[in-house]
Amino acid sequence: MSSEEKNNSGSNDPAAYFRSKLNFEIDVMDVADAPPGSLVLVDTRRQSSWDHGHIPGALHLPTAEIPKLAEQRIPGDAQVVVYSWGPGCNGSTFAALAFAELGYAVKEMIGGIEYWIRNGLPVETASGVRMAYADALVTAHRP
């Protein structure tokens, strides 16, 4: 098979791969800038991680509970965005798969809460919402 035939078949087409990937991922800043109510943001981490800090307005639904609780807590037509800790954790990938298997439109927030925090975005704990200090090496969007 020639390289042109491989590219046309899609099986070895880098552009098709990256185009597809962008359909299922969303950047931290795109989530932060999304119109209110346009996304259902789901924190898929365990309870202790949620208690340590989470994105304000996120719904806590650990990955293992998605199959039994998602349909009770999230409308079927919602655009779901899942997150876990960060790039070193694939928990949100497992969560995205669980939502996809239930028929939800789902995206994975790349960078997770780690990059949310590193971009200087708010984090909520039992004591309230606090702003993180932006890491200048990560973001040019926030001071």
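The values are calculated or read from the model by the stated rules, or taken from the named source; none is laboratory data. For clarity, every value in this text was computed on a predicted model and none was experimentally measured. Methodologically, a virtual Cβ is constructed for each residue, glycine included, from the backbone with ideal geometry; neighbour enumeration extends over all protein chains shown.
The table below gives the values:
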read-out: Residue match in the stretch 98-116 (condition: β-branched (Val, Ile, Thr), more than 21 Å from Thr139 (Cα to Cα) and either out of contact with any Gly (no Cβ under 9 Å at 6 or more places or on another chain) or loosely packed, with under 13 Cβ neighbours inside 10 Å (or both)); value: yes
read-out: Residue pairs meeting the criteria (Cβ under 6 Å; at least 6 apart or on separate chains; first surrounded by 12 or more Cβ atoms within 10 Å (Cβ to Cβ), in the stretch 1-28; second modelled with pLDDT under 55); value: Asn12/Lys6; Asp13/Asn7; Ala16/Gly10
read-out: Strands (runs of 3 or more DSSP E) lying entirely in the stretch 4-111 (those with 1 or more residues that are of a type in the set (S, T, N, Q) and under 29 Å from Asp135 (Cβ atoms)); value: 79-83
read-out: Given (1) farther than 20 Å from Thr139 by Cβ; (2) exposed (fewer than 12 other Cβ atoms within 10 Å of the Cβ), number of the condition Pro87 does not satisfy; value: (1)
read-out: The listed residue being touching a strand residue (DSSP E or B) at 6+ places or on another chain (Cβ under 9 Å) and among the hydrophobic types (A, V, I, L, M, F, W, C), out of Ala126, Ala58; value: Ala58
read-out: Verdict on Glu108 being of a type in the set (Asp, Glu), touching a residue at least 24 places away in the same chain (Cβ under 8 Å), closer than 20 Å to Asp33 by Cβ and in contact with a Pro (Cβ under 8 Å, 6 or more places away or on another chain); value: no
read-out: Among the candidates Val123, Val138, residue that is among the β-branched types (Val, Ile, Thr) and either in a strand (DSSP E or B) or in contact (Cβ under 8 Å) with a residue 60 or more places away in the chain (or both); value: Val123
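Okay, residues lined up against (1) of a type in the set (Lys, Arg); (2) surrounded by 13 or more Cβ atoms within 10 Å (Cβ to Cβ); (3) modelled with pLDDT of 95 or more:
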position	(1), (2), (3)
Val42	no, yes, yes
Gly53	no, yes, yes
Pro62	no, yes, yes
Ala70	no, yes, yes
Gln79	no, yes, yes
Ser92	no, yes, yes
Arg118	yes, yes, no
Met131	no, no, no
Pro143	no, no, no
